[in-house]
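Everything below concerns the one structure shown next.
Throughout, read-outs are computed from the coordinates displayed, never taken from laboratory work. Note that this is a predicted model, so its numbers are computed, not measured. Cβ placement follows ideal geometry from the backbone for every residue including glycine, while neighbour counts extend to all protein chains displayed.
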Amino acid sequence: MNDPARTAAGDVRLASQSPYRVLIVDDDPDMSAYLALLLKKEGMAPEVAHDGESAITRALTSLPDLILLDVMMPGMSGFDVCRALKSDPETALLPVVLITALEDRESRVRGIEAGADDFLSKPVNREELLARVKTLRRLHETRKELANRRLAAEIAREDALLAAISRYISPRLANRMLRQNVDNSGVFPTLRDRAKVVVLFADLRGFTRLSETVPVSKIVPMLNEFFTELTAAAHENEGTVFSMAGDSLLVGFNVPITQPDAAERALDTGRSMIRRFAPVALRWRAEHGLSVGIGIGIEAGEVVVGNVGSPTFMSYTIIGDAVNVAARLMQMAAPGEILIGPGAFLSLKGLLGGAAESDRREVSLRGKAEPVEVFAIRVPPQ
Amino acid sequence: MSADKYTAIVDKDIADLIPMFFKNRKTELEALRAALASGDLEQVRRVGHRMKGVGNSYGFAPISDIGKMFEDCAKANDAAGIGASLAEYADYLEKVKVVYE
C-alpha cells in the first residue's frame, strides 16, 4: 500500500464511486428544494446554500463537484459569487452553472464575463437540468481521469528513473534524491570538484586460484553472487558504488550526498560485506575445495569527484590519494580483515579505541616514503 | 379563464415538495398584500420575479403568469394592476387542484 501509484489510483477510484456533489445556491427555498430533489433522484448528492456568502464559504470548506447558482439573489448576486469562485485558485476549476431567466440575454453575457461554465433557464426544465448537469459531470470525470493518468505516468517515469539510478548509488539515496528533492544541483559534478570522501575497497582473496580451477562458465555466476552481497552491504549503508572491476569493488561515502558519519558507514559496510559473504565462501569451499575471503581497505581524504571520460561515455568516479591508499590496504588485508588508513582512523578513533578485535600496525605502502600506521580489524564470520 | 386553469399537472417525483410549496405561496400572498399596503413596489417586483421562476418549474404555469403581472405592474407603478393580480392569485391558490403524473 506504500506504493504511491497504487494509492493514487485507489484514491481516484474512490472519488469516482463517491456521489457527485452539487451545491445549489438559491435564495428561494422552493426552487432549491426542487433542484435538490431532482438531483437526488439521479443519485447525486445535492447541498443547498441560500445566499452567496455562505455558498463561497461552503465551497472553500468542502469543494463540491458542481455549483448551480441563481443570478438574482439579495446581497451577493450570482455574478459576484461566480467571479469570486473563478478568481480563487482553490475553486477556479469548479464548474459553475448560472440560473438565469429565459429571456434575459444580458444576464448570459454578464455570466460569461464572470466565468460561468454553462447556463440554465428559469423556469427550470427537468430534462434540460439533468442533461446539463450530466454533461458537466462527464467532463469533470474525464478531467479527473486524465489527471490520474498523467499522475500514474509521472510515477511510472519516476520509478524507471529510480531503478536506473539505483544501479549506481544506493536505492535509498536515489529515492531521497528523486522524491525528496534534496539539493540535486551538484549531485553529479564535473571532475574538478574536490570533496572529503571515505573510500572503501573490497576484493576477493583467492580469486586468481578460483578462476584457474573453476570452469569459466561458472565464474560469472559466482562473481555475481559475490558482488550481490557486497553491493547490498554498500547500499544498506547508503554508499555509492563507483566501480566494479575484476573481483574488486570501490565504494564511496559522503558522496554525492553529505554523510557526517561517513567513516562509521564505511566500517559498517566492511563488516557487513565480510559477514554476508561468509556463508557463500563456505559453500564454495564445499563445492570447489577452495578457500576464499574478502579483504577490505578503508581510507579518508580529499579526492576529486566527478565524471571522467569522453562525451559519449562517462564514468562517475573519484580520484585521489585516499583512493590509492585504500586500494593498497585492500591488497594487504588478510581474508576477513579490514585495514583502516590513518585518514579514516581519525574519524573512528572514538569508536575503535579499545576494540579487542583490532590492532595497530605499521605498513609500508608503495609510493610512500614513510611507513604508515594502520588499524586492522578482524571480522569473525558471525 | 377556463376551469382547466385550476388543474395543475405535477411531476409525481416532486409530490413531497408540494405541501411546503403551497405553504410558502400563502406566506408570499400575505407578503405581497403587505408590500402593496405599504407602497413597497420593489418588494412586489422581487416577489413577482421569484413566482415567475418557481411556478412553471413546479408545473403551476398560472403562478408564473401572475408573477409576471406583479413584476410588470410594479415596474409601471400600477397599484391597481397589482391589486387585481392579488385577487387573481388568491383565487387561484384557493381553487387549484393538483394532479400527479
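Of note:
- Distance between the 7 Å Cα→Cβ label points at B:Glu42 and B:Asp4: 4.1 nm.
- Sequence-ordered 3J(HN,Hα) estimates for the range A:105-118 from the Karplus curve with 6.51, -1.76 and 1.60 and θ = phi - 60° stand at 5, 4, 4, 5, 4, 5, x, 4, 4, 7, x, 4, 8, 7 Hz, glycine and proline given as x.
- Ratio of the Cα radius of gyration of the range A:84-177 to 2.2 N^0.38 Å, where N counts its residues: 1.80
- Percentage of interatomic Cα-Cα distances in the range A:36-87 larger than 15 Å: 45 percent
- Our compactness index for the range B:1-41, the C-alpha radius of gyration over the empirical 2.2 N^0.38 Å, is 1.58.
- FRET efficiency, 1/(1 + (r/R0)^6) with R0 60 Å, evaluated for B:Asp13 and A:Tyr168 via beta carbons: 0.35
- Computed over chain A with a Gaussian network model linking Cα atoms closer than 10 Å, the most mobile of A:Gly239, A:Gly309, A:Gly320 is A:Gly309.
- Semi-axes of the equivalent ellipsoid of the range A:4-152 are 27, 17, 14 Å, computed as sqrt(5λ) over the eigenvalues of the C-alpha gyration tensor in descending order.
- Seen from A:Glu229, the other residues with C-beta closer than 10 Å to its C-beta sum to a net charge of +1, counting Lys and Arg as +1 and Asp and Glu as -1.
- Packing rank of A:34-41, B:35-42, B:82-89, where each peptide gets the mean count of other beta carbons within 10 Å, highest leading: A:34-41, B:82-89, B:35-42
- Simple Cβ-charge dipole of the range B:3-100, Lys/Arg +1 and Asp/Glu -1, about Cα centre, in debye nearest 20: 100 debye
- Across the range A:263-278, rounded Karplus estimates of 3J(HN,Hα) from the backbone phi angles (6.51 cos²θ - 1.76 cosθ + 1.60, θ = phi - 60°) give 5, 5, 4, 5, 5, 4, 5, x, 4, 5, 4, 5, 5, 5, 7, 3 Hz, Gly and Pro being marked x.
- For the protein assembly as shown, the alpha-carbon coordinates run over 121, 47, 43 Å along the three principal axes, in decreasing order.
- Size descriptor for the range A:237-318, Kirkwood hydrodynamic radius: 14.8 Å (Cα pairs only, one decimal).
- Checking the Cα-Cα distances for A:Lys144/B:Lys52; A:Lys86/B:Lys68; A:Lys122/B:Lys23; A:Lys134/B:Lys52 against a 29 Å cut-off, the pairs over it are A:Lys144/B:Lys52; A:Lys86/B:Lys68.
- Positive contributions from Lys and Arg (+1) and negative ones from Asp and Glu (-1), summed over other residues with Cβ under 13 Å from the Cβ of A:Leu146, come out at +2.
- Along the axis of the charge dipole computed for chain A (Cβ charges of +1 for Lys and Arg, -1 for Asp and Glu, origin at the Cα centre), the listed residues A:Met73, A:Pro371, A:Val304 are led at the positive end by A:Pro371.
- Percent of Cα pairs exceeding the 22 Å cut-off, where the set is the range B:3-100: 24 percent
- Anisotropy class of the range A:272-382 from Cα gyration tensor, a/c 1.5 cut: oblate
- Here, the range A:186-294 is characterised by an Rg to Rh ratio of 1.04, where Rg is the alpha-carbon radius of gyration and Rh the Kirkwood radius.
- Förster radius 22 Å - calculated FRET efficiency between A:Lys41 and A:Lys144, Cβ distance, rounded to 0.05: 0.40
- Gyration tensor (alpha-carbon) shape descriptor, the range A:186-378, a/c threshold 1.5: oblate
- FRET efficiency, 1/(1 + (r/R0)^6) with R0 60 Å, evaluated for A:Ala160 and B:Tyr100 via beta carbons: 0.45
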